[in-house]
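Only one structure is covered here, and it is reproduced in the block below.
Derivation of every value follows stated rules applied to the coordinates shown; laboratory data play no part. From a predicted model like this one, the values you see are computed outputs, not experimental measurements. Cβ sites come from the backbone with ideal geometry, for glycine too, and all protein chains shown count toward neighbours.
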């Protein structure tokens, strides 16, 4: 699996921006190489005919950051090779790219924003994560932001944007042309209100299967900052005008509250209801993972109502990092039979035993009900890890994992026991990256939640 095909305009823009930043000032570049070996008693994640498998992985990675001057760039890329010794699957190649940049053309007047993300994502979101159920996915967006400082307290911004969405296996590729206008007013130092309007034209490559549509949204916003908490409110209405299918209209809104309990611990609550599509949901997941797990959403050309309620507790100590979360989700697709209700909860712990030695534990439970076809799935997973630093940049990681899935769909259930050992130099880990890692409290914790050791 390796067929990188982002928009050609995106590739050209990336080259121009990186060339510009190299000449503007020095970049911070961090490399990484790694290798790993996994044993699984059910690598294909099948209900029957389980077979032992040895899986060997190797990866090269690199990250680039530029924070000085008019251009800021944050980019990371990797190329991974996976070999199944007993030929459960053929050899796999995985390419990943995550790049975001902001180019200030005129200070406080004109910026150029760009994002490109190339990842692997499930073809069928409810089935197991195997090479046969993964597809290359590319999400690209670019657009200028024109800023008008009306007064010292008021600001108007206009942002036209082009977006391109590519899916290797799913027939939902499309381009989007969006225009957003925002007016913000600073009531006082700790409070801001605003009005926002957005119009988006969605053009699918295959219009026969997925009719084009235009989405319009208008909303009012308010955000407040206090000594120990930040919260924001968004209320509006969305109209979706579809070429063939019935039009959709309804209210939308969100509430986001971050409470700092102590200097080291915090609680975040997020509640939202919106009319959206796969592309916009993916963009939101890239920029704000706390809005909900992108893996819950089935890639399609349909419009759906996304109802999400999520609560999360995070604590970061000198020796113990912890993350507990629970999420309720209801996805109501307007044409396809993909409606689902999801309850998920989990815990992630990392304990620094000494300067060189650390341990970790992860546990998740996910219940998914596909209401249109009366299917129910229950997934459980627990894993423990040990990490030892051999030097400042060289470390080794051992992980043991048990996962189980029960399903009312015959053949969809499975059990797997696996162990994984890796050696990593520099950044990253010994596994292919993927989109939507659940609740990445920090990059260190996210490293222990790879495709081999998490959902």
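Here are a few things to note about the model shown:
- Separation between Cα centres of the range 155-218 and the range 320-343, rounded to whole Å: 23 Å
- Binned Cα-Cα distance frequencies in the range 24-153 - 10 Å width, integer %: 11, 28, 26, 17, 12, 6, 1
- Shown is the FRET efficiency for residue 171 and residue 54, computed with R0 = 41 Å from the Cβ-Cβ distance and rounded to the nearest 0.05: 0.70.
- Footprinting exposure proxy for 405, 38, 208, 50 (fewest neighbouring C-beta atoms within 10 Å first): 208, 50, 405, 38
- Extension reserve of the residue 396-residue 273 stretch, reckoned as 0.36 nm per residue once the Cα distance is removed: 40.0 nm
- Nearest-0.05 FRET efficiency for residue 265 and residue 415, computed from C-beta distance (R0 35 Å): 0.50
- Point-to-point label distance, residue 341-residue 130, nm (Cα→Cβ direction, 7 Å offset): 3.0 nm
- P(r) histogram, all alpha-carbon pairs of the range 279-414 included - 10 Å bins from 0, percent: 10, 31, 31, 19, 8, 1
- In terms of other Cβ atoms within 10 Å, 278, 336, 262 run from fewest to most in the order 262, 336, 278.
- Sorting 59, 77 by the number of Cβ atoms found within 10 Å of their own Cβ, with the fewest placed first, yields 77, 59.
- Computed E for residue 67/residue 244 - FRET, C-beta separation, R0 56 angstrom, nearest 0.05: 0.75
- Crossing angle, helix 8-24 versus the chain [Cα axis fit, 0-90 degrees, rounded to tens]: 90 degrees
- In range of the label at residue 189: residues from the range 253-273 whose backbone nitrogen is under 20 Å from the point 7 Å along Cα→Cβ: 260
- In this simple spin-label approximation, residue 367 and residue 218 carry label points 7 Å from Cα along the Cα→Cβ vector, and these lie 4.2 nm apart.
- Computed label-point distance, nm, for sites residue 37 and residue 109 using a 7 Å Cα→Cβ extension: 6.2 nm
- Cα long-axis angle, helix 278-287 against the chain (0 to 90 degrees, to the nearest 10): 80 degrees
- Helical mean residue ellipticity (222 nm; -39500 (n - 2.57) per DSSP H run of 4+; nearest 500) of the chain: -2000 deg cm²/dmol
- Zone residues, the range 217-255, relative to residue 179, backbone N less than 14 Å from point 7 Å out along Cα-to-Cβ: 217
- Backbone N under 12 Å from the residue 148 label point (7 Å along Cα→Cβ), restricted to the range 183-212: 183-184
- The coefficient of translational diffusion for the chain, derived via Stokes-Einstein from the alpha carbon Kirkwood radius under 4 °C and 1.567 mPa s, stands at 55 µm²/s.
- Computed Rg/Rh of the range 224-267, alpha carbon atoms with Kirkwood Rh: 1.33
- Overall form of the range 165-242 per C-alpha gyration tensor (a/c, 1.5; a/b vs b/c): prolate
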